[in-house]
Amino acid sequence: MSRQRPPLVDCDIHNELAPGSLDPYLPRRWREYDATYGNRGDGGSSYPKGAPRAARTDAWPPSGLPAGGDLDFMREQLLDAYDIRYGILNCLSKSSRQQNPEYAAALCRAVNEWQVEEWLEKEPRLRAGITVPYEEPALAAEEIDRAAVHPGFVQVLLLVRTDEPLGRRRYWPLYEAAVRNGLPVGIHFGGGRANPLTGSGWPSFYIEDHTAMAQAFQAQLVSLVVEGVFERFPTLKVVLIEGGFGWVPSLMWRLDKHWARLRDEVPHLTRRPSEYVRDHMWFTTQPIEEPPDPRQLLTVFDNMGGTDKILFSTDYPHWDFDDPDRAIRARLEPDTRARIFGGNAMALYGLD
């Protein structure tokens, strides 16, 4: 069916590794290390059991590769099916969260080389995030500087559940490298090595885990603003991926209220916290918290300061995929829809 619509950019596509995918890109030392000692990082969320790798049941390709692991099938099921102008790959491997820092760095480098050879060089519509060992910021900065020379990499990829809040100074070398290379930092759903998802402990059910991930995004937003990251790096851009955004207005209001009374504790902040959020943070649409009355979503946009920081995403091939033809039920003005579904992302990532 012919679709009359502006260019479509999908800001969250997951390309998956198959067993052995990284072998051609890993030095012998680390292949032997993996065979002898194995993976010592966290596996992330391993459920729901009924949706292995959190994938749609129809997203497993006939080739036998994992969902999201077959470029030809991704073309057929996503890129061609929806006439996507550009897609941003966010590879959610275990590489960035290994306990052995040198092994983590080697795996991240291998993932990035695999992305270049097997994805970016084969499909001109794709771009990708640089996988980095973000708990070792010096090593992460080295990998950013190395990988950023390839034009297919358009952001630095982190996962939201980190060992410490991301505003802490230990992570600043990572941001310095991102700014040095002109790349946004994308913070994606998932991760976690040592800490519970919530501030009050481990949840009992998958629905708690899946819903409460927004708490981690809120904590990171507060940390980045209050610790002064955007004062130190005034050109830094941060994309919160797959964390929703319905919670953003109330959090900005709360931050501004407390800053008005407690600003002497954080004299390094020269503006209201909400202004840093509006200037430095972008948000993807999947999962979007749509009110029962679709018109109320427009109020959320207004209270966030507009729609210029909203980026469309499908989360392909995951079970909660958002179909571009059905996403966002609210009636949007044509120029607003064009910005959300493509224009904002093309401006942020420098796409033609």
Practice problem: Taking Tyr103 as meeting all but one of (1) open to solvent by 10 Å² or more (accessible area, probe 1.4 Å); (2) farther than 24 Å from His318 by Cα; (3) among the hydroxyl-bearing types (Ser, Thr, Tyr), write down the number of the exception. | Solution: (1)
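Residue-by-condition table, conditions (1) over 25 Å from Gly191 (Cα atoms); (2) not acidic (Asp, Glu):
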residue: Ala59; (1), (2): no, yes
residue: Ala81; (1), (2): yes, yes
residue: Ile84; (1), (2): yes, yes
residue: Gly87; (1), (2): no, yes
residue: Glu118; (1), (2): no, no
residue: Ala128; (1), (2): no, yes
residue: Val132; (1), (2): no, yes
Quiz item: Filtering the stretch 281-317 down to residues that are of a type in the set (S, T, N, Q) and under 21 Å from the mean Cα position of the chain (by Cα), which residue is surrounded by the fewest Cβ atoms within 10 Å (Cβ to Cβ)?
Solution: Thr307
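Check Gly350, Gly305 and return the single one that is at pLDDT below 95 and closer than 30 Å to Arg169 by Cβ.
Gly305
Report, by residue number, each residue of the stretch 118-151 that is assigned to a helix (DSSP H, G or I) and without any contact (Cβ under 8 Å) to a residue 40 or more places away in the chain.
Taking the stretch 118-151 as the starting set, the residues that turn out to be assigned to a helix (DSSP H, G or I) are 118-120, 137-147.
Passing the criteria: Leu120, Pro137, Ala138, Leu139, Ala140, Ala141, Glu142, Glu143, Ile144, Asp145, Arg146, Ala147.
Yes/no matrix, rows are residues, columns are (1) within 15 Å of His280 (Cβ to Cβ); (2) basic (Lys, Arg); (3) touching a residue at least 60 places away in the same chain (Cβ under 8 Å):
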site: Gly167; (1), (2), (3): yes, no, yes
site: Arg170; (1), (2), (3): no, yes, no
site: Asn181; (1), (2), (3): no, no, no
site: Val185; (1), (2), (3): yes, no, no
site: Ala194; (1), (2), (3): no, no, no
site: Gly201; (1), (2), (3): no, no, no
Exercise. Output the residues belonging to the stretch 62-100 that are touching a residue at least 24 places away in the same chain (Cβ under 8 Å) and farther than 30 Å from Tyr33 by Cβ.
Key: Met74, Arg75, Gln77, Leu78, Leu79, Tyr82, Asp83, Ile84, Arg85, Tyr86, Gly87, Ile88
Quiz item: Only one of these conditions is not met by Asn90: (1) in contact with a helix residue (DSSP H, G or I) (Cβ under 9 Å, 6 or more places away or on another chain); (2) open to solvent by less than 10 Å² (accessible area, probe 1.4 Å). Which number is it?
Solution: (1)
Exercise. Tell me the strands (runs of 3 or more DSSP E) entirely within the stretch 152-246 that contain at least 1 residues that are at pLDDT below 95 and under 16 Å from Tyr134 (Cβ atoms).
Key: 153-161, 185-191
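The values are calculated or read from the model by the stated rules, or taken from the named source; none is laboratory data. In this text the structure is predicted, and so the values were computed from the model without any measurement. A quick note on method: Cβ atoms are made from the backbone with ideal geometry, for glycine too, and the neighbour counts reach across all protein chains shown. Accessible surface is based on the protein model in full, side chains and every heavy atom, while ligands, DNA and RNA are left aside. Shrake-Rupley method; radii C 1.70, N 1.55, O 1.52, S 1.80 Å.
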